[in-house]
Each structure stands twice: as C-alpha cells, then as structure tokens.
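Chemist: Before we start, here is the structure in question, set down as structure tokens.
The values are calculated or read from the model by the stated rules, or taken from the named source; none is laboratory data. The shown structure was predicted, so the numbers you read here are calculated from the model rather than taken from an experiment. Methodologically, a virtual Cβ is constructed for each residue, glycine included, from the backbone with ideal geometry; neighbour enumeration extends over all protein chains shown. What goes into the accessible areas is simple: the full protein's heavy atoms, side chains included, and nothing from ligands, DNA or RNA. Shrake-Rupley method; radii C 1.70, N 1.55, O 1.52, S 1.80 Å.
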Amino acid sequence: VFQQAAPPAQGGSFCRRLNRCKFIPKGDLNTKLRRCLNTFDITLLGVGHMCGAGIFVTTGEVMRNWAGPSTILSYLISGMAALLSALCYAEFGSRYPKAGSAYTYAYVGCGEIWAFIIGWNIVLEHILSAAAVGRTFSAYFGDLTNRAVDEFYIKHARIWPWSTVSEPNITEGFVGICSDGNSTMEREFFGYYPDFTSGVIIIISAFFVGIGSKTMSRLNNFFQLANLLIILGVVGYGSTFANFGHWKNFFPCGIKGVLAGASKCFFAYVGFDGLATAGEEAKDPAKQIPRATYYSMAIVTTTYVLMAGVLSLMLPYYELTSASVYSEAFTKVGAPRWFSIVLAIGALFGIMTSAVGSLFSLPRAVYAMAEDGLIFGWWGKVNGWTKTPLNATITFTLFSMVIAITFDLDALVDFLSVGTLLAYSIVAAALLILRYKPQPLHSGEEEMDQGGQIRAGIPLLSSLLANARHSVLVAMLIMMVAFTGIG
C-alpha cells in the first residue's frame, strides 16, 4: 500500500512515482517468513555480527597504528556514535517490523527513489561486509599458521597480473598518523593472490544461513556463547599479567590519535543494523527489536573496552606485530601454549559468526526490494522448506565470495565505510520526517493527524522548515556536499 507524498509544484506522474512513500499499517505482522526468533536469538545475532572480526583484528590494528592504550576511549566514542544510530534503527524496527532495514525505512519516510538508492547501498554494504570478514578470517588463519597458507597460494595459485606489491598485504604494517614515515607499504586495490580461504568461509557461513533461521540461530548461539566464554577467559587470565606501567604514555598520538582510532573502531560496530532485518522473523518485534538492540550494544561495547584494556596492559602497543594480537600477547608473557591454541580457535569461530550475521542480513534486504517490485521478483521467492529467501542467499553469496577472493581487505573496509555512512544518515533523516509529517490516525483510514512542528530559528528559513520532508532532505544534501569537500 502506498501513500502519495505531497504533490510537487511542477512535474507529472513520473516525479510523483519517484517520491511516493510506502505505507505500512501499524501492527502489520503478515509475512512469508517464519516468525521463530526470540529476544535471546536476536541479541546474540547482533553480538555475533559485531563482536567477531572487530574484537580480534581491529583492536590490535588501532592500538598499534593510531591510538595505543587510548584505544579504550576510541571504542567508547565510536560506541556512543553507533548507539545513536542504533536507537533510530530500534524505533523503526519496532514500528515497522519488516525485512529490509534502512531500505524499508527510507521507503516509508523519504520516498521510492531514496529507497531504491539506499536499497542497493545496503545490499552492497552487506556483500562487502561479508567479504571483509572472509578476508579477516583468512588473514588471522594465515598468521596463526606462520603464513604457510599464504606461501602455498603464492606458490601454487596464479598471482594477479596487475599486482605490483613485493609481498602479501595481510593486516599489519599499515601506516597510521603516528608512523615515523619510514614505512613505504603500498596500498593495493586488488589482493596479491586469489584468497580461496575467504571464499570457503563465506560458503560455509551461507550454508548455515540458508538452512533456516531457527537452525542458524541455534548454531550462532552456540558459537557466540563459546566465543563470549573465551573472551571472559582472556579478560580474567590476561588481567593477571597486567602492568600499569604500559599506560604511562596513554596518548601516544594525542587526541588526534584517539579520534582517528574511533573512526576505525566504528567498523567493529557495523552490524547492529542487521538486527532490524530480523523484524519479519521475530515473534514480537515491537518489544524484541529494541531490547535486542540495547542488550547487544551494551554487551559489545563492554567487551571491546575490556579486551582493549587487557591487551594494552599486557604488552606495550609498539610490540604488537601480528594480526592475531591476543595469541601473540599471551605467548610473549609466557602463557601456556594450549591457552593460545584455544584462544585462536575461539577467535576464528568468533570471526565466522560475523560472516553469518552479514549473510543473514543480505538476502533479507534483497527480499524486501523484490517484494516491492524494485528488483527481479525471483530473488523474493521464499523456499517452502527453509522459509528463507534462498534464491537471494545463493546469488549474492556468490557475489560476496568473488569479491572476497579478488579484492584487498583495506579497499573493502574503505568502500564499506562510505556505504555505512550513507545508510545511517538516511535512516536518521527518515525518522525525523516521520516524526513531523502527518500520519493516519488508524490503519486504512484517510483521517490524518496534524503531525509535529519544526520551530524555525532562522526567519529566512521558515518557509523551508514548514515542510519537514523537504527541510530534512535539503539538510542531508548539504551534509553530503560537506562530507565530499572534507574528504
């Protein structure tokens, strides 16, 4: 059901079609998917999506190259920013319990053209997120095997003809703002060699996603609970090796390093928007989506701060040299070998749950677009046995696998950051629009309320601010131009 937006001053039906908004009656729980997830399932799905690749890889990278011990503050700053965006998603997820996440919210608040743009942006975001997690798994696994896997690929697999770097680019050695400038590491768009390990882990994760939401959630719950137990073990046992002397230089790069680290740490929080995609599979989305959002954000932020704090107390930040920083830290402080092995296995499973989270959200975003007729309807078909959009799962998993095999991790993270910024901004704008524009008093009735009012603090802008829809979209356009200029 569509609710026509206010007709433009000029223009025909084409412009009205581009700006028409989708109307979803409040309390509409009709769906082709199976409503089988409870608050616990959705919370651990969000925790697994966020608390995987970031905690085991991003922490060491930020601490080594940007912020040092002040990585703790970087996580707190990025966590607060992520929480503000998460609250927008939580409100939308409770009001409109539909799959599609930012795509659906943009369709309801901003119009069809914005929904189409954001829809493909969300699809690309999840494809790149899964590919980046696959690359992270491969980097961590290769580091734990002393690069034996990398050497095997270099020796037996065909090296890309366009590669110009002299050795594989894993994750270490990136030049941060605290670098002395002596590093000359080259930035590559494509990977040094075809990374089939990342492709295999994406296929395995997609299999878990495709067999059904409830079965997938049970496997995800098991792996994530095991991962959280390992994290508690790391925090507890690592605290026995704490040396507060490592905090004497708490701000090695100053406040600039903290802020630069926060921008990198935000990547670790990408995934909370995946909670909203479970809206059509939650038993009571109006209550479960907001609660799961709050719980998962609290668990993840606390976990990141504790893990970063323990790592910074165990070793000086400049002694962290590998991708598997926690295994390296416990080895250097003299911990038993078995503990490092258990930690490494737990880290790999934790990273894998991040891939499962990305691939869970991806086909549901595609399904929502196909249901609305904005892409091919074949991708919106729900399998009769698994009750999941299996066609979309298979198709877009293959896209993600090819990207993971081909492209470099740093390039994937950069693209992912751009897409995430646009999606989160649109959701915040759509929420403002819905707060202030008139809404139907009851489902199926034409009687509208008066909506909210935006107070015009600047007299010259009073006419613009009289229409919440136009004012917010103009503000977003100014924001995008400003971001482009700063970038």
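Chemist: Report the paramagnetic label zone for A298: residues of region 82-103 whose backbone N is under 12 Å from a point 7 Å from Cα along the Cα-to-Cβ axis.
Modeler: none
Chemist: Scan around F190 for amide H atoms under 5 Å from its own, H built in the peptide plane at 1.01 Å from N, and keep only partners 5 or more places away or cross-chain.
Modeler: Hits under the 5 Å cutoff: D408.
Chemist: Hey, rough spin-label estimate for R435 and K214, points 7 angstrom out along Cα→Cβ, what's it come to in nanometres?
Modeler: Going from the R435 label point to the K214 one covers 3.9 nm.
Chemist: Still on this structure: Taking θ = phi - 60°, what integer Hz values does the Karplus form 6.51 cos²θ - 1.76 cosθ + 1.60 yield along region 321-335, in sequence order, with x for Gly and Pro?
Modeler: With coefficients 6.51, -1.76 and 1.60, one gets 10, 10, 6, 8, 5, 6, 4, 4, 5, 5, 5, 6, 8, x, 6 Hz.
Chemist: Under a point spin-label approximation (7 Å from Cα along Cα-to-Cβ), what is the F40-I154 distance to one decimal in nm?
Modeler: Those two pseudo-labels are separated by 4.8 nm.
Chemist: Let me ask you something else. How large is ³J(HN,Hα) for each residue in region 382-397, as worked out from phi by the Karplus curve 6.51 cos²θ - 1.76 cosθ + 1.60 (θ = phi - 60°), to whole Hz, x for Gly and Pro?
Modeler: Working through the residues one at a time gives 9, 5, x, 8, 7, 6, 10, x, 5, 4, 5, 4, 5, 4, 7, 5 Hz.
Chemist: Using a 7 Å offset from the Cα along the Cα-to-Cβ direction at both F190 and K283, what is the distance between the two label points in nm, to one decimal?
Modeler: 5.1 nm
Chemist: Further question on the same structure: For a label point 7 angstrom out from the Cα of V235 toward its Cβ, which stretches of region 75-90 have the backbone nitrogen within less than 17 Å?
Modeler: Of the residues in region 75-90, 75-77, 79-80 have backbone N under 17 Å from the label point off V235.
Chemist: So for E125, E319, E112, E151, what's the accessible-area order with a 1.4 Å probe, most first?
Modeler: Details: E125 5, E319 70, E112 30, E151 120 Å².
Greatest to least solvent exposure: E151, E319, E112, E125.
Chemist: Taking H placed 1.01 Å from N in the peptide plane, check which residues at least 5 places from F23 or on another chain put their amide H under 5 Å from its amide H.
Modeler: Here the answer is F2, Q3, since their amide H atoms fall under 5 Å of that of F23.
Chemist: How many Å² of accessible area per residue for region 255-391, probe 1.4 Å? Mind showing how you got there, number by number?
Modeler: Values: 4680 Å² over 137 residues.
With the other protein chains kept in place, region 255-391 gives 34 Å² per residue.
Chemist: What are the ³J(HN,Hα) values, in whole Hz, obtained from phi via the Karplus relation 6.51 cos²θ - 1.76 cosθ + 1.60 with θ = phi - 60°, for each residue of region 364-373 in sequence order, with x given for Gly and Pro?
Modeler: 6, 5, 5, 4, 4, 5, 5, 5, 8, x
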